[in-house]
1. In segment 168-192, which residues are in a helix (DSSP H, G or I) and at pLDDT below 95?
2. I'd like to verify a number: residues in segment 126-148 that are touching a Lys or Arg at 6+ places or on another chain (Cβ under 7 Å) and open to solvent by less than 60 Å² (accessible area, probe 1.4 Å), how many?
3. So which residues in segment 79-110 are in a loop (DSSP other than H, G, I, E, B) and open to solvent by less than 30 Å² (accessible area, probe 1.4 Å)?
4. Specify which of the listed residues (174, 119, 152) is closer than 20 Å to residue 63 by Cβ, buried (at least 22 other Cβ atoms within 10 Å of the Cβ) and not assigned by TED's automatic domain parsing to the domain that holds residue 340.
5. In segment 217-227, how many residues are more than 25 Å from the chain's Cα centre (by Cα) and surrounded by fewer than 19 Cβ atoms within 10 Å (Cβ to Cβ)?
6. Considering 243, 201, 160, which residue is at pLDDT 90 or above and either among the acidic types (Asp, Glu) or on the phi > 0 side of the Ramachandran plot (or both)?
7. Hey, can you tell me all the residues within segment 14-29 that are within 13 Å of the ligand (Cβ to nearest atom) and either on the phi > 0 side of the Ramachandran plot or surrounded by fewer than 18 Cβ atoms within 10 Å (Cβ to Cβ) (or both)?
Amino acid sequence: MSFKELNLIEPLLKAINKEGYENPTPIQSQAIPIVLSSKDLLGCAQTGTGKSAAFILPILQRLTEQRSNQKEVKALILAPTRELAIQINESIAAYGQFLPLKHQVVYGGVNINTQINGLKKGIDVLVATPGRLLDLIGQRVLTLQQVSYFVLDEADRMLDMGFIHDIKKIVALLPSKRQTLFFSATMPPEITKLANSLLKDPERVEVTPVSSTAEKVAQEVYAVDKANKPKLLLHLLQHEVKDHVLIFTRTKHGADRLVKFLAKQNIQAAAIHGNKSQNARQNALQAFKGGALKVLIATDIAARGIDVEELKFVINFDLPNEPETYVHRIGRTGRAGASGKAISFCDLEERPYLQSINNLINQVIPVINSHPFPASDTFVAVPTPKRPLKEKSEKTAVAKSRKKRRFRPANQQTRK
Ligand code: AMP
């Protein structure tokens, strides 16, 4: 299917072409017709599947068709983090570049007055994090009475981050006659409950379950003693990883420590985590995206929604204790079908985490001992799986990964 066959209007097709997209991703080809036909949508999809365009494109099209001079917000997109909100707004700017629609992003941690001034000019599409949106509504800077399109993005993360009450408050301010699009990577019972309370007779679209995200990224585990992790990282940065690399640490302190360690070795790196100001986080992210900074070190919360085109490497300096987090982390690379590689350091204490990860993704990630800093007890253990595991070598992973900007074929996706 092509974008043209999705009946998108010319200014959107032109923008898509300019972005270099050849064909819609599975979530796009499934969701766009649903949104254009005014139906509510329940999308089970994670970041990296092209889901932002799946809701932005049809909303921009509907707003263009219903162009009105009203200054109030007509489409509201809620995102859990500033980074994701900013990214969605950047996508709106890209896809809407040939349309006269106004859009803005609002999020906390920065001066509210600049945002207020922007809003006063009138806004068609507003992207917001929940807390700042409520602040602005409280200050009577905006109302949601004219919202016809409401998108709740990454609903599961919203709940994880404790936004449920804010969301309920916001929903109570929306007109009941509206179209609602609800996206979540996972659908635990409390998400289903929230979805049921927001959606009317929704169409359901589901793509790329968590376990298959892991299939397009070549993965390796480096067994190493804890004390040797910094030296191993240095070795990799000096000899193997020539490209941009996103490195995950479990703690903010650990991220800062690594930045200092690398600086002493003349490797410039920056950390993004919750203790950094919004400006510092944005600057580091922009430098990384723009190519000036090759090494970015992040904790999980700060890294949510980071979308860096053509990120080829992710290094897990620490393994996360929740296997889903591992999948989210490695999903930063191999985006939109590009090939990527994830290297994880695993010390003695982290081996149970590795077992949970292998179980979740239903693969045995190959363990590499042949490096300059092998673990003192050569680690060969293969975890006991709950389900039969697929043996996975780097070769098969690379063979499976597709060329840049190609997507999983539609027959690997399901629509319910
Ligand atoms: P998302 O899941 O919305 O975060 O999108 C992931 C990445 O895929 C972003 O870098 C988009 O620019 C890119 N993308 C979205 N749709 C397409 C498409 N149809 N073709 C190629 N790349 C795309």
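1. First pass over segment 168-192, keeping only residues in a helix (DSSP H, G or I): 168-172, 189-192.
Once the filter is applied, which keeps residues that are in a helix (DSSP H, G or I) and at pLDDT below 95, segment 168-192 yields 189, 190, 191, 192.
2. If we filter segment 126-148 for residues that are touching a Lys or Arg at 6+ places or on another chain (Cβ under 7 Å), which is where we start, we get 129, 134, 146-148.
In the following step, the residues that additionally are open to solvent by less than 60 Å² (accessible area, probe 1.4 Å) were identified as 129, 134, 147-148.
Going through segment 126-148 one residue at a time, the tally reaches 4.
3. Looking only at segment 79-110, we keep the residues that are in a loop (DSSP other than H, G, I, E, B), and these are 79-81, 96-102, 107-110.
79, 80, 81, 96, 99, 101, 108, listed by residue number.
4. After ruling out the rest, the residue left standing is 152.
5. From segment 217-227, those more than 25 Å from the chain's Cα centre (by Cα) are 222-227; that's our starting set.
Checking which are surrounded by fewer than 19 Cβ atoms within 10 Å (Cβ to Cβ) leaves us with 225-227.
Residues meeting the conditions: 3.
6. None of the others qualify; the one that does is 201.
7. Initial filter on segment 14-29 (within 13 Å of the ligand (Cβ to nearest atom)): 15-29.
The answer is 17, 18, 19, 20, 22, 23.
Conditions tested, residue by residue: (1) within 16 Å of the ligand (Cβ to nearest atom); (2) farther than 23 Å from residue 10 by Cα.
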{"residue": "67", "(1), (2)": "no, no"}
{"residue": "70", "(1), (2)": "no, yes"}
{"residue": "81", "(1), (2)": "yes, yes"}
{"residue": "116", "(1), (2)": "no, yes"}
{"residue": "125", "(1), (2)": "yes, no"}
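The values are calculated or read from the model by the stated rules, or taken from the named source; none is laboratory data. Everything numeric here is computed off the predicted structure, so don't read it as measured data. As a convention, Cβ positions derive from the backbone with ideal geometry for all residues, glycine included, and neighbour counts pool all protein chains shown. Quick note on the areas: whole protein, heavy atoms, side chains included, nothing else; ligands and nucleic acids left out. Shrake-Rupley method; radii C 1.70, N 1.55, O 1.52, S 1.80 Å.
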